[in-house]
Amino acid sequence: MRILLDIFVSFFKIGAFTVGGGFAMLPLFEEEFVRRRKWFTDQDFLNMLTVATAAPGPLAINSAVFTGYHVAGLPGVLVAIVGCIISPVIVILILAVNYHRFRSLAYADAVFQGIRPAVVGLMFAAVFNLVRRNKLRWTWYLLSVFAFILIALLKVDPVFVIALAGVAGVAFQRSIERRRR
């Protein structure tokens, strides 16, 4: 029972203090689940993010499902999802009810203008830390840059890029296995 409370509190806290969506949550996920709670190793965390990012649906919910199941099975999934969504729902309800008061405040827009670069910084920090600690092969760095170019600059559909990366991963693994023989 204690583990379910820990899962709920972790996701509630992350949901309450994250601005910017799933990718902005990455540093908080990492701190809470890898460093503090030790529910994942660095490699397991990277694997979880790979699955959560590639699967359909919001990253936060996918991560809650994966983490909840990893830590406490189906009850963990349910508790993680509730913890993940309840605090943002409360915040959105408060903002929606009071929107007419906030929209005319000059400071409200200034606050959001200031938060946006911090969210981008959170995402960059999460990616930097994941790459640094997981000692990826140089070929994976090249694939990451190639995926970035395809998606950001050439506007290729991310689903196609993910599928292409999966095929590239299989091909690369097969080439490694052939060299070992």
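Membrane-span-like helices of the chain, defined as complete DSSP H segments with a Cα extent of 24 Å or more along the helix axis and a mean Kyte hydropathy of at least 1.6, are identified as 59-97.
Each part gets one Cα centre, and for the range 90-120 versus the range 8-52 those centres are 24 Å apart. Give, to the nearest whole percent, the P(r) tail of the range 115-160 beyond 11 angstrom, counting all Cα pairs. Considering the range 115-160, 72 percent of its Cα-Cα pairs are separated by more than 11 Å. Helical content of the chain, expressed as a calculated mean residue ellipticity at 222 nm, amounts to -26000 deg cm²/dmol (DSSP H runs of 4 or more residues, -39,500 (n - 2.57) each, divided by residue number, nearest 500).
Just so you know, the Cα atoms of the chain work out to an Rg and Dmax of 18.9, 69 Å. Around the Cα centre of the chain, unit charges on the Cβ atoms of Lys, Arg, Asp and Glu (plus for the first two, minus for the last two) sum to a dipole of about 620 debye. Neighbour counting of Cβ atoms within 10 Å sorts the residues Lys38, Lys13, fewest neighbours leading, into Lys38, Lys13. With the convex hull constructed from alpha-carbon coordinates only, the range 137-181 shows a mean projected area of 3.1 nm² over all directions.
Dipole magnitude for the range 137-181: about 380 debye, using +1 per Lys or Arg Cβ and -1 per Asp or Glu Cβ, origin at the Cα centre. Here the contact order of the chain, divided by its residue count and restricted to Cα pairs under 8 Å and six or more residues apart, works out to 25 percent. Projecting the Cα atoms of Phe33, Ile90, Ala60 onto the dipole axis of the chain, where Lys and Arg carry +1 and Asp and Glu carry -1 at the beta carbon, places Phe33 farthest toward the positive end.
Read-outs throughout are calculated quantities, based only on the coordinates presented, and are distinct from any laboratory measurement. Treat the numbers as computed from the prediction; the structure is a model and nothing was measured. Cβ atoms come from the backbone with ideal geometry, glycine included; neighbour counts cover every protein chain shown.
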